[in-house]
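Visitor: The structure under discussion is supplied below as structure tokens; questions concerning it will follow.
A short reminder: the numbers here are calculations on the coordinates, not readings from a lab. From a predicted model like this one, the values you see are computed outputs, not experimental measurements. Here the Cβ is made from the backbone with ideal geometry for all residues, glycine too, and neighbour counts use every protein chain on show.
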Amino acid sequence: MKPNPERHYRRRTPSGASEALGQSEVFLEFQERLSRVAPVNRPVLLLGERGTGKELAANRLHYLSKRWQGAFLTLNCSALSSSLIESELFGFEKGAFTGAAQRRIGRFEAADNGTLFLDEIGNIPMEVQEKILRVVEYNAFERVGSSESIEVDVRIIAATNADVKALAARNMFKEDLLDRLSFEVLVVPPLRERGEDILLLAKYFAGHMAIELEREEIPQFSPQAVRALEVHQWPGNVRELKNVVERAVYRSQSTTISEVEFDPFSSPYQKKPPEMATDDANQEKNSAGTGDLMGRPLKTAVRDLKVLMLENALQQAKFNQKKAAQILGLTYHQFRGLYRQYRKNED
């Protein structure tokens with residue numbers, strides 16, 4: 001008798017799928033492509049940056065397919081060592097290796113007649129890729145420690161933020177497997193390209209956080225906070241936005257959120273560096289700006305302008321040197337070099 005998948009793996013439900021909100025053109029185009037391929041019983045490869053919602057997209061693909069009543073199982077291939085991925089995918093027989101006290105079914109067997117989502121496929125070892133390729137081509141595999149062939153009917157959805165084409169070109173990913181998995185390739189759009197969706201998602205996350213905190217009113221964002229959210233580049237995408245908004249809601253003591261913090265790692269106790277210009281002439285220069293530089297010798301004027309720009313950038317960045325370097329378009333090491341040079345001259 002075939003083992004019951006429910007003994008080892010919980011069926012996934014579409015909980016959290018409502019976070020896949022959006023009204024921007026790029027988001028709606030992505031959802032349209034996703035909806036078209038969902039009913040087609042072929043593998044789909046999802047590409048996208050971290051935090052863009054690749055698992056939500058995989059979840060939606062499953063629940064819009066004809067397999068929606070079957071299991072939707074996931075495996076994060078970057079969370080397991082290479083020695084564990086094979087047994088997690090294909091299961092193992094009792095005595096197959098030290099510690100294998102009883103038979104255990106793997107993700108492929110548990111997802112029979114359903115969908116298996118393989119996240120971060122770029123981390124799968126080559127020898128395991130070979131076995132996955134056999135499942136894709138022949139719908140069959142063997143458990144670790146067994147020669148018995150097991151047939152399954154599983155749709156694979158894979159995802160990665162790596163350049164798998166480049167990996168395949170360097171023989172770090174099997175080209176045959178990449179060909180089989182890429183019946184359709186969907187690129188999940190980054191949040192910075194979904195301008196209209198940022199505030200929509202922010203309000204959604206704020207409302208849920210307010211409910212969780214048992215607040216009576218859902219907080220609103222001030223115009224300054226809205227502007228800050230809209231101009232941020234969101235390297236962490238939707239996941240980062242969720243953290244930023246939830247943190248702002250719980251910290252806020254009113255129904256209006258006026259400030260949002262993008263970098264929770266910045267220390268409020270960071271030592272303020274000494275001022276680079278302390279004499280009256282330099283203070284005069286800072287207040288007057290660059291207008292009085294024209295009457296000075298070129299070498300002196302260039303030096304004073306650099307000092308002035310360093311000071312202004314530090315003040316804008318609240319003396320965070322990494323942020324000041326970004327304001328000036330410099331690397332951190334370039335900024336530190338200039339800072340040390342002119343501090344030495346001042347001393």
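Visitor: Considering the chain as a Gaussian network with a 10 Å cut-off on Cα pairs, which listed residue, 100, 162, 228, attains the greatest mean-square fluctuation?
Guide: Looking only at 100, 162, 228, the largest GNM fluctuation is found for 100.
Visitor: For a quick check: with amide H placed at 1.01 Å from N, whose amide H comes under 5 Å from residue 220's, ignoring anything fewer than 5 positions away on the same chain?
Guide: For residue 220, the qualifying residues are 256, 257.
Visitor: Rounded to the nearest 5, what % of DSSP beta bridges with both residues in the stretch 97-205 are antiparallel?
Guide: Roughly 40 percent of the beta bridges in the stretch 97-205 run antiparallel, per DSSP.
Visitor: Residue 336 versus residue 316, label points 7 Å from Cα toward the beta carbon: distance in nm?
Guide: 2.2 nm
Visitor: If r is the Cβ-Cβ distance from residue 200 to residue 309 and R0 is 35 Å, what FRET efficiency results, to the nearest 0.05?
Guide: 0.35
Visitor: With springs only between Cα atoms under 10 Å apart, run a GNM on the chain and tell me which of 103, 303, 42 wobbles the most.
Guide: Residue with maximal mean-square fluctuation among 103, 303, 42: 303.
Visitor: What ranking do 170, 134, 155 get, fewest neighbouring Cβ atoms within 10 angstrom at the top?
Guide: 170, 134, 155
Visitor: For residue 72, which sequence-distant residues (separation of 5 or more, or a different chain) have an amide H within less than 5 Å of its own amide H, given hydrogens modelled in the peptide plane?
Guide: The answer is 12, 115.
Visitor: Please list 3J(HN,Hα) in residue order for the stretch 205-215, calculated via the Karplus relation 6.51 cos²θ - 1.76 cosθ + 1.60 where θ = phi - 60°; whole Hz, with x for glycine and proline.
Guide: So the J values, rounded to whole Hz, are 5, 5, x, 5, 5, 5, 5, 4, 7, 6, 7.
Visitor: If we sort 115-127, 203-215 on the protection proxy, mean other Cβ atoms within 10 Å, highest first, what's the order?
Guide: 115-127, 203-215
Visitor: With the chain treated as a Gaussian network of Cα nodes joined by springs under 10 Å, which of 266, 35, 78 yields the largest mean-square fluctuation?
Guide: Sorting by GNM fluctuation, first place goes to 266.
Visitor: Given a Förster radius of 35 Å and the C-beta distance between residue 214 and residue 258 as r, what FRET efficiency does 1/(1 + (r/R0)^6) yield to the nearest 0.05?
Guide: 0.95
Visitor: Three principal axis extents, largest first, for the C-alpha atoms of the chain, in Å?
Guide: Projected onto its principal axes, the Cα set of the chain covers 90, 51, 39 Å.
Visitor: Given charges of +1 on the Cβ of Lys and Arg and -1 on the Cβ of Asp and Glu, with all other atoms neutral, how large is the dipole of the chain about its Cα centre, in debye to the nearest 20?
Guide: Here the chain has a charge dipole of around 460 debye.
Visitor: Quick check: pseudo-label points 7 Å beyond the Cα along Cα→Cβ at residue 299 and residue 250, how many nm apart are they?
Guide: Each label point lies 7 Å from its Cα, and together they span 5.7 nm.
Visitor: Using the structure shown, list the pairs from 66/94; 54/165; 66/131; 54/174; 203/322; 242/322 with a Cα-Cα distance above 28 Å, or answer none.
Guide: Violating the 28 Å Cα-Cα cut-off are 66/94; 203/322.
Visitor: Determine ³J(HN,Hα), in whole Hz, for all residues of the stretch 325-333 in sequence, where each value follows from phi through the Karplus function 6.51 cos²θ - 1.76 cosθ + 1.60 and θ = phi - 60°; x replaces Gly and Pro.
Guide: Going residue by residue, I get 4, 5, 4, 8, x, 10, 6, 4, 5 Hz, with x marking Gly and Pro.
Visitor: Output the relative contact order of the stretch 5-189, whole-number percent, from Cα pairs under 8 angstrom with separation of 6+ residues.
Guide: 30 percent
Visitor: So if I take the centroid of the Cα atoms in the stretch 305-331 and the same for the stretch 72-96, what is the distance between those two points in Å?
Guide: 49 Å
Visitor: Grab the beta carbon distance between residue 83 and residue 185, set R0 = 41 Å, and tell me the FRET efficiency rounded to 0.05.
Guide: 0.85
Visitor: Using the Cβ atoms and a cut-off under 13 Å, what net charge is assigned to the surroundings of residue 65, where Lys and Arg are +1 and Asp and Glu are -1?
Guide: So the environment of residue 65 carries a net charge of +4.
Visitor: Whole-Hz Karplus ³J(HN,Hα) for the stretch 110-115, in order, using 6.51 cos²θ - 1.76 cosθ + 1.60 and θ = phi - 60°, x for Gly and Pro?
Guide: The phi angles translate into 5, 8, 3, 6, x, 10 Hz.
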